1. Just the number, please: Stokes-Einstein D of the chain in µm²/s, Kirkwood Rh from C-alpha pairs, 37 °C, 0.692 mPa s.
2. Which pairs in the list Lys327/Lys426; Lys211/Lys492; Lys254/Lys492; Lys40/Lys165; Lys148/Lys400 are over 20 Å apart, alpha-carbon to alpha-carbon?
3. Sticking with the crude label model, points 7 Å out along Cα→Cβ, report the distance from Ser596 to Val266 in nm, one decimal please.
4. If R0 is 45 Å, what FRET efficiency do you get for Gln100 and Gln180 from their C-beta distance, rounded to 0.05?
5. Can you sort Phe589, Phe47 by how many other beta carbons sit within 10 Å, fewest first?
6. Can you sort Leu572, Leu517 so the residue with the fewest Cβ neighbours within 10 Å comes first?
7. Hey, can you grab everything whose amide H is under 5 Å from the amide H of Asn371? Only 5+ residues off in sequence or another chain; H modelled, so Pro and N-termini drop out.
8. Give the Cα extents of the stretch 197-387 along the principal axes, in whole Å, largest first.
Amino acid sequence: MAERKSGAWRLPIHDFQDDIVANVRRSQALVVVGYTGSGKTTQLPQFLHKAGFSKNGLIGVTQPRRMAALSVAARVAQEMKCTLGRKVGYQVRFDDCTSQETQIKYMTDGCLLREFLDDRELSRYSVIILDEAHERSLDTDILFGLMKEKFLREEEDSSRRHQLKVVVMSATLDSSKFSQFFNNCPVFEIPGKLFPVKDVYCNMIKPEDVKNPSYCSQAVRVVMDIHTDQPQGDILVFLTGQAEIEKTCDILYKKSEELDYRKTCVTLDVTSLLILPVYGSMPTEQQQRIFSPADLGVRKCIVATNIAGTSLTIDGIRYVVDSGFVKQLSYNPRTGRGHSSGGYPLSRSEAIQRAGRAGRTAPGRCYRLYNREFYDQCMPEDMLPEIQRTSLTSVVLSLKSMGIHNVLRFHYLDPPEERMLLEALKQLFYFDAIDRSGRVTPLGRLLVQYPLPPGLARTVISSSSLGCQDLLLPIAAMLSVENVFIRPGEGKKQVEAQQSHQRLAHLAGGTNDFTTLLTVFQKCKESDSPARWCRENYIHWRGVKMALSIHQQLQGILDKQTQTADFPRQKLEGSPSELLRRALCDGFFNHIARRSATGRSFRTMDGHASTVFIHPSSVLFGEEAQLDWVIFHEVVWTSKVYMRTVCPVRYSWVQDLLPKLHQLDLSSLSGCQLIADEPTPTAQDQDVHKPLLGGQGRASSSP
Ligand code: CDP
Ligand code: MG
């Protein structure tokens with residue numbers, strides 16, 4: 001527990017500074033386990049810095065979540081009394097705030113993965129801290145494997161050794177897997193325990209609600225009950241995503257304004273409620289407010305995604321309200337895959353973590369909106385690691401570009417299903433990122449440079465070769481941020497928002513959701529006051545602002561690439577709108593659907609022949625009868641399977657591409673003759689000249 005000592009906060013980890021430093025000196029890998037809030041993320045890098053590790057290179061700390069990287073870097077810069085970006089900096093996708101002076105660098109796991117592409121030895125670093133390892137994010141899992149490979153290479157050839165250390169940090173005690181992975185490396189446990197937390201099952205969500213839970217209004221009821229009935233202490237509500245959080249906060253504002261404290265409240269210690277939303281893409285300026293203590297008599301109510309589970313520690317919480325649902329790592333630009341709108345049931349181990357947030361500084365209570373049956377029947381024991389439930393296309397391209405060809409034999413903490421790896425290889429083959437023998441193509445080497453899913457990167461390259469990159473780059477940027485359209489849940493605002501979005505869609509031509517995104521981007525950019533323009537048009541300014549910066553970075557990468565001689569060029573006749581759609585076809589032809597003979601449904605043409613519908617938010621919703629072939633950006637599952645962000649295409653544009661979808665079938669891919677066919681690598685191309693699966697293991701590091 002944090003306690004004041006000689007004017008400074010003392011955290012549990014402070015008592016073990018010397019022990020931890022000695023452990024890091026002694027062994028190449030170390031696992032550090034400590035409950036959330038013990039000081040791992042903010043203090044441990046500072047310990048190593050003070051002990052002199054940063055003299056030999058950067059201390060890099062990875063976080064699965066962008067917002068956590070930003071917020072802890074800001075906090076540590078403040079503690080070390082330096083300007084953020086100097087001695088302490090951060091780097092997240094599309095935002096690098098580091099300098100020559102930087103010694104402690106917080107970054108997303110994805111950023112470190114990209115650094116591996118340029119330097120597999122990570123020679124700029126002295127220590128890599130893989131934080132939040134228990135989250136088991138895809139990129140952190142891959143980093144585990146890459147670190148292990150590096151250590152194995154060093155073992156074989158000691159001249160390579162540059163004494164890089166790895167520290168794995170986790171908030172859950174179950175750490176043996178991490179230690180075993182690094183040759184049974186030592187585990188350091190930061191002692192400390194939580195105060196008791198009483199469980200209250202509210203019986204509002206039952207097993208039959210699993211597909212369609214309505215936790216927002218339920219959460220509001222429980223929060224208002226706590227606020228009026230329970231003594232002082234802040235409330236932390238766990239919901240799933242930004243939209244649910246904003247909706248819930250709206251209702252909470254209203255309810256708390258209507259409250260007559262004299263009549264309804266049991267204690268008059270608290271006389272107002274301060275409602276604070278927390279989600280991954282929220283403005284940085286607002287983030288700091290969640291950490292500041294509330295004024296006397298004010299109760300804070302923080303409404304958060306899973307980010308407040310273990311990544312961010314907020315002091316003063318006595319009451320937790322758990323919806324029981326989660327959007328797994330809510331923002332995943334790589335997959336472009338939708339999720340069911342209500343999220344997935346949380347795992348029991350995460351539910352225990354959430355409840356723990358109520359017992360950090362005093363005994364607390366956890367209100368679970370679900371009942372005991374839901375907990376027992378619907379919630380899995382542990383969450384499935386992301387690597388086992390997500391698209392691996394980007395990761396496989398990265399590995400192959402690093403020269404790791406046998407992606408089936410890579411050192412995984414938990415291997416993904418072979419089927420998922422084969423699917424990723426297939427996708428890469430569709431986009432010409434790898435050839436039939438699994439070699440990364442020159443195009444693949446261009447694609448991997450974009451922090452975009454390979455399909456989207458493919459459209460960027462195509463657009464440039466067709467001369468319509470000015471139309472496509474803004475679209476690619478807009479597809480890389482969360483949905484920018486604000487859709488209020490009810491009332492007059494809902495109608496206004498709908499009208500405004502329709503107006504924008506018609507301004508864009510009224511037939512293509514991708515160009516609607518372009519119009520939003522352009523109108524906003526041209527406006528004298530973009531923030532006001534967004535507000536008036538029910539658009540998230542934060543999202544568009546981010547897209548503006550992404551656009552610049554994509555332009556930067558593309559400009560460099562087009563200067564090279566082997567950049568692909570095509571000559572096609574057509575209007576700009578047509579060329580744009582043809583560029584989109586190159587990256588999304590596997591997302592193609594054809595209207596069924598009857599009705600409003602479509603059939604996907606990727607070999608699965610699934611039935612899909614146009615999403616009601618699309619400008620083409622209701623226009624199905626006019627359509628034949630369409631491509632879509634993503635599908636979302638709600639009551640039906642919907643295509644979101646759709647545009648019509650002509651069969652003649654895709655007819656040459658479509659056969660590719662059927663050229664490879666998974667069973668033949670996993671068959672061993674492909675492996676047996678492995679060509680003998682020559683010295684020059686040994687990093688690329690392997691069959692699709694990468695052949696029978698690499699000499700240096702196969703298990
Ligand atoms: O990583 P771990 O969960 O072990 O703890 P931490 O993130 O290092 O947080 C240690 C303490 O720093 C927390 O208890 C917070 O009081 C404080 N903190 C803060 O006030 N503001 C932040 N942005 C991060 C941490
Ligand atoms: Mg932490």
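What follows draws every value from the coordinates through simple rules; no lab data is involved. These numbers were taken from a predicted model, which means no experiment stands behind them. Backbone-built Cβ (ideal geometry, glycine too); neighbour counts: all protein chains shown.
1. Diffusion coefficient, whole number: 121 µm²/s.
2. Lys327/Lys426; Lys211/Lys492
3. In this crude spin-label approximation the distance works out to 5.5 nm.
4. 0.70
5. Final ranking by Cβ density, sparse to dense: Phe47, Phe589.
6. Listed from fewest to most nearby Cβ atoms, that is Leu572, Leu517.
7. Here the answer is Asn203, Met204, Ile205, since their amide H atoms fall under 5 Å of that of Asn371.
8. Per principal axis, max minus min of the Cα coordinates gives 50, 39, 30 Å.
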